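One structure below.
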Amino acid sequence: MAKKNNQQETVKGSQSGASATAAVSPTKAPAKPSRQTKGKTRPKHGFPKGFYWGVGTSSYQIEGAWNEDGKGLSIWDTYCHVPGNIKNNDTGDVANDHYHRYKEDVALMKSIGANSYRFSIAWPRLFPEGSGQPNPKGIDFYNRLVDELKAAGIEPFATLYHWDLPQTLQDMYGGWKSKDTARAFADYAGYVAEQLSDRVKHIFTINEFRSFVEGGYRGFDVQVGGGKTVHLGGAPGMALSAGELNQVRHHAVLGHGLAVQAIRARGQAGTKVGFAENMLTAVPVIEAPEYVNAAETATRELNADFTTVMLEGRYTDGYLARAGADAPKFTDDELKTIATPLDFVGINVYKPNIYVEPSDDTPGYREIPLNASHPKMQSAWHVFDPTCIYWAPHHVHSLWGAKSIFITENGCGASDAVAEDGKVYDTDRVMFLRAYLTQLQRATADGVPVNGYFLWSAQDNFEWIDGFGNRFGLIYVDFKTQKRIPKLSAEWFRETATLNAVA
Ligand code: GBH
């Protein structure tokens, strides 16, 4: 992507910690650099100046108001209304009632120190039928939200597709099975850019290609250590063949490319655009050059169907060979569209996907099995290793020369509960965040151009097939009363964002 990229985020390399030298009288010899500023001990290792400290959410997971103000049905409305699809038969019908409580939620974000917010737009709110006539009440909600954010000094970052496809497109085209969905997505993207890009300067096209394609069109088995797997799924709940699935993948990246072009054509000059992918990350078991090479090779191959083709404009030979007769059908023109130059790369980083060591055999790396006792966070899939958030942006930088990278999601689920004193002590989340952000800081110190970090999530919310059981928020939500309580991790986040350094 990098070569034609002329609209990068400007990041000055200076570390905030470096400015912590106390002012000294010119007549005295300069004091040793002090870590004391205004009576506060400042951690030595800061993030770059102007770093975005954000929190993230998505429309279906928090908005509720599933059938208000002319909104059309999404595939997640449909999927959740089928008994047995979601744990406890939870749905996003009301969720966090954010559609009605957005002002309170923006104020809460401000109070926990966020200077930016990554939210997603519900496509069927704007286009109840997926395309055609826009519903003015749909865009009205996002206009009010964006204005509220700007007034609070919080920079809005919008995601266009966080999985809530208009049901009409599912019914008419089989969703992303058809190129028509990719075209409709581009029209919707252009409309959003027209309406919001005077205030929204950063747009993510699609969130986690792999998750919605695999989860929705086949369902997937995730390795959780000791040879065990868990099966995950989601809307629209299809089970396609390998060939059909590769075609869905291709249409998703094509939709991304067409959307980038539509945003450039119809948005204000200077609107920055990229994707937000849950890129699979290979971690070198030993930090030695040949291991790092092996991890880069593995990361490029593991992501051949999404990240790699979007940044290189070609499917790797390895991918096409592995797919054989099931390879997607595509044209050179489509590949060009898919790899339309981007302003930044967004990656959601939660876990190491594989550990690797070098190998003399093709493909040049060997996967190391995960030990059964390897530590995890609460979610069954959530393997714990802070170094993945060092390596993920490092690989994006070294493989593709990205000039601007955002961590579009990172965080963890935990068994949060309100203590007798009314507080929520999520010590595991604080441990997780401190460990991961220490590694992210290390990446920035090594010159990897990471411009911001969006913690998933601003609030506990509807966690897809897990329903309301898995809490990812900095803010606890009582889903019976809609009461919000900032957790211990919110205090930690505020301190970190304020210091621009790991607290
Ligand atoms: C993200 O899902 C979503 O974007 C977000 O909506 C969700 O609430 C949040 O994170 C927390 O789950 O990665 O190999 O284990 C990403 C997490 C990605 C976890 C796919 C399960 C299965 C494959 N999911 N993952 S793997």
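Take segment 304-356 with all the other protein chains still there, run a 1.4 Å probe, and you get 36 Å² of accessible area per residue.
Cα-Cα over 26 Å: which of LYS110/LYS272; LYS110/LYS487; LYS351/LYS483; LYS87/LYS480; LYS272/LYS336?
Values: LYS110/LYS272 24 Å; LYS110/LYS487 15 Å; LYS351/LYS483 31 Å; LYS87/LYS480 17 Å; LYS272/LYS336 19 Å.
Those over the limit are LYS351/LYS483.
Sorting LYS228, LYS179, LYS272, LYS423 by accessible area puts them as LYS228, LYS423, LYS179, LYS272; the probe is 1.4 Å, largest comes first, and only protein heavy atoms count.
With a Förster radius of 35 Å applied to the beta-carbon distance between ALA445 and ARG322, the computed FRET efficiency rounds to 0.40.
Could you tell me whether segment 241-363 comes out rounded, prolate or oblate from its Cα gyration tensor? Rule is a ≥ b ≥ c as square roots of the eigenvalues, rounded for a/c under 1.5, then prolate if a/b exceeds b/c, otherwise oblate. Let's see the in-between values first.
On the way: a/c = 2.41, a/b = 1.40, b/c = 1.71.
It comes out oblate by the Cα gyration axes.
Which order do you get for LEU232, LEU342 if you rank them by accessible area with a 1.4 Å probe, largest at the top? Can you show the working numbers first?
Values: LEU232 40, LEU342 0 Å².
Output order, biggest surface exposure first: LEU232, LEU342.
Note on surface exposure: LYS49, LYS403 rank LYS49, LYS403 by accessible area, highest first, 1.4 Å probe. Taking amide H as placed 1.01 Å from N in the peptide plane, the amide H of VAL356 sits under 5 Å from that of VAL283, VAL285, ILE368, each at least 5 places away or on another chain. Shown here for segment 287-366: trypsin sites (Lys or Arg not before Pro) in loop regions (DSSP other than H, G, I, E, B) with at most 12 other Cβ atoms within 10 Å, namely LYS329.
Helix hunt in the chain: which complete DSSP H runs extend at least 20 Å axially by C-alpha with mean Kyte-Doolittle at least -1.0? Let's see the in-between values first.
Values: long enough: 136-151 (22 Å, -0.54); 179-196 (26 Å, -0.35); 242-266 (36 Å, -0.03); 427-445 (27 Å, -0.09).
The qualifying helices are 136-151, 179-196, 242-266, 427-445.
Of interest is the spacing of the C-alpha centroids, which for segment 325-401 and segment 431-456 amounts to 17 Å.
Remark on LYS272: its backbone amide H falls under 5 Å from those of HIS202, ILE203, a criterion applied only to residues 5 or more positions apart or on other chains, H modelled at 1.01 Å from N. Ranking ILE206, TYR173, ALA114 by Cα position along the charge dipole of the chain, where only Lys, Arg, Asp and Glu carry charges on their C-beta atoms, puts ALA114 farthest toward the positive end. In the assembled protein chains, HIS250 presents an accessible area of approximately 0 Å² (probe radius 1.4 Å).
Quick one: Debye curve from the C-alpha atoms of the chain, no solvent, what's log10 I(q)/I(0) at q = 0.05, 0.09, 0.10, 0.11 Å⁻¹? Scattering profile of the chain, log10 relative to I(0): -0.18, -0.60, -0.75, -0.92.
Backbone geometry of segment 157-172 corresponds, through the Karplus equation with coefficients 6.51, -1.76 and 1.60 at θ = phi - 60°, to 3J(HN,Hα) couplings of 10, 9, 9, 8, 9, 10, 5, 8, 5, x, 4, 4, 6, 5, 5, 6 Hz, x marking Gly and Pro. Within a straight-line Cα-Cα reach of under 13 Å, LYS137 can be paired with the following aspartates and glutamates, leaving aside sequence neighbours fewer than 8 residues apart in one chain: GLU68, ASP69. Just check segment 354-401 against the gyration tensor rule for me: Cα atoms, a ≥ b ≥ c as the square roots of the eigenvalues, rounded for a/c under 1.5, and otherwise prolate or oblate depending on whether a/b exceeds b/c. Here segment 354-401 falls in the oblate category.
Taking the centroid of alpha carbons for each part, segment 220-271 and segment 165-193 are 13 Å apart.
Given contacts defined as C-alpha pairs under 8 Å and at least six residues apart, what's the relative contact order of the chain, whole-number percent?
On the way: 1095 pairs, mean separation 93.5, N = 503.
Reported relative contact order: 19 percent.
The values are calculated or read from the model by the stated rules, or taken from the named source; none is laboratory data. These numbers were taken from a predicted model, which means no experiment stands behind them. Virtual Cβ from ideal backbone geometry, glycine too; neighbours counted across all protein chains shown. Accessible surface areas use protein heavy atoms only, side chains included; no ligands, DNA or RNA. Shrake-Rupley method; radii C 1.70, N 1.55, O 1.52, S 1.80 Å.
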